[in-house]
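The values are calculated or read from the model by the stated rules, or taken from the named source; none is laboratory data. If you're wondering where the values come from, they're calculated on a predicted model, not measured in any experiment. In this analysis, Cβ positions are derived from the backbone assuming ideal geometry, glycine residues included, and neighbour counts consider all displayed protein chains.
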Amino acid sequence: MLPDFPKIKNELAKAYFQIFKKMVEEYTPDPFLRQVQVFEGERTAIVREDGTKDENNPFKVESLLTISTEEIPTLRIEEVLKRLNEMAKQLSSERQKKLYQSLSDQLDKAGRMMEGKGRPLSAEVILEALDSVMITFDEKGVPQIPTLVIHPNLLDKAKAADAEFQKDPKLRARYDQIISKKREEWNAREATRRLVG
């Protein structure tokens with residue numbers, strides 16, 4: 001009977017898992033979509049500024065890597081890494097779909113989903129979206145503009161909207177007005193905030 005080498009197998013499993021985690025991160029470009037570990041409980045909750053609360057149940061995302069016993073004697077590390085990479089791509093894609101669906105459901109439930117009402121994506125539509133959300137400011141007064149999430153099919157239209165915004169001084173003036181209004185709202189919120197301590 002051949003020796004089992006459990007310690008070596010355990011070290012290899014840990015190394016493959018670390019490689020796999022890095023691969024999944026590479027296929028998850030947006031840090032918003034990165035995983036957050038919940039150490040206790042079965043769900044998470046979002047408590048909004050207005051006091052409303054939504055509980056979220058975790059969802060299952062899985063991917064499968066199969067290696068038959070017949071393959072083992074001739075299986076090279078390059079093939080294992082290739083299969084891990086495919087598995088990481090599949091897992092990341094499934095996770096992104098579920099997270100965006102969950103986000104869409106939450107935004108719709110909270111009345112924060114903005115529809116274009118048949119209009120194409122444009123600088124004007126983006127400014128309307130910006131005007132409808134809360135914007136915070138850092139300690140230097142720089143606005144922390146929220147991330148705009150769009151379908152990949154709209155990327156060209158988003159680039160065209162940005163070019164339109166860069167060319168049109170009226171659109172830039174409207175942006176400045178929105179930021180000024182949001183700064184006033186932020187200052188009012190900060191002035192009425194209760195300090196703890």
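Does residue 68 satisfy the criteria of being farther than 14 Å from residue 21 by Cα, among the polar types (S, T, N, Q) and part of a helix (DSSP H, G or I)?
no
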How about segment 51-85: which of its residues are farther than 30 Å from residue 107 by Cα, loosely packed, with under 10 Cβ neighbours inside 10 Å and either hydrophobic (A, V, I, L, M, F, W, C) or in contact with a strand residue (DSSP E or B) (Cβ under 7 Å, 6 or more places away or on another chain) (or both)? 64, 72, 77
May I ask you to say which residue of 169, 152, 146 is outside the structural domain of residue 28 (by TED's automatic domain parsing), exposed (fewer than 15 other Cβ atoms within 10 Å of the Cβ) and more than 23 Å from the chain's Cα centre (by Cα)? 169
When every residue in segment 86-96 that is under 15 Å from residue 19 (Cβ atoms) and either among the hydroxyl-bearing types (Ser, Thr, Tyr) or in contact (Cβ under 8 Å) with a residue 60 or more places away in the chain (or both) is compared, the one surrounded by the most Cβ atoms within 10 Å (Cβ to Cβ) is 88
Expected single match for farther than 30 Å from residue 58 by Cα and not acidic (Asp, Glu) among 173, 110, 129 is 173
Boolean, residue 81 is in contact (Cβ under 8 Å) with a residue 12 or more places away in the chain, of a type in the set (A, V, I, L, M) and in a helix (DSSP H, G or I): yes
Count of residues meeting criterion [loosely packed, with under 10 Cβ neighbours inside 10 Å and of a type in the set (Lys, Arg)] in segment 40-50: 1
Within segment 108-145, how many residues are among the hydroxyl-bearing types (Ser, Thr, Tyr) and in a loop (DSSP other than H, G, I, E, B)? 2
Just the residues that are modelled with pLDDT of 85 or more, among the hydrophobic types (A, V, I, L, M, F, W, C) and farther than 19 Å from residue 78 by Cβ, please, taken from segment 1-17. 5, 8
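Can you tell me which residues in segment 97-108 are in contact (Cβ under 8 Å) with a residue 24 or more places away in the chain and within 12 Å of the chain's Cα centre (by Cα)?
98, 99, 100, 102, 103
Take residue 56 and decide whether it is under 29 Å from residue 154 (Cα atoms), touching a helix residue (DSSP H, G or I) at 6+ places or on another chain (Cβ under 9 Å) and at pLDDT 80 or above.
no
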Checking residue 165 against (1) at pLDDT 90 or above; (2) within 12 Å of residue 122 (Cα to Cα), which single condition isn't satisfied? (1)
Assess whether residue 101 counts as being farther than 20 Å from residue 18 by Cα, in contact with a strand residue (DSSP E or B) (Cβ under 8 Å, 6 or more places away or on another chain) and assigned to a helix (DSSP H, G or I). no
In segment 18-39, anything at pLDDT below 75 and acidic (Asp, Glu) is listed as 30
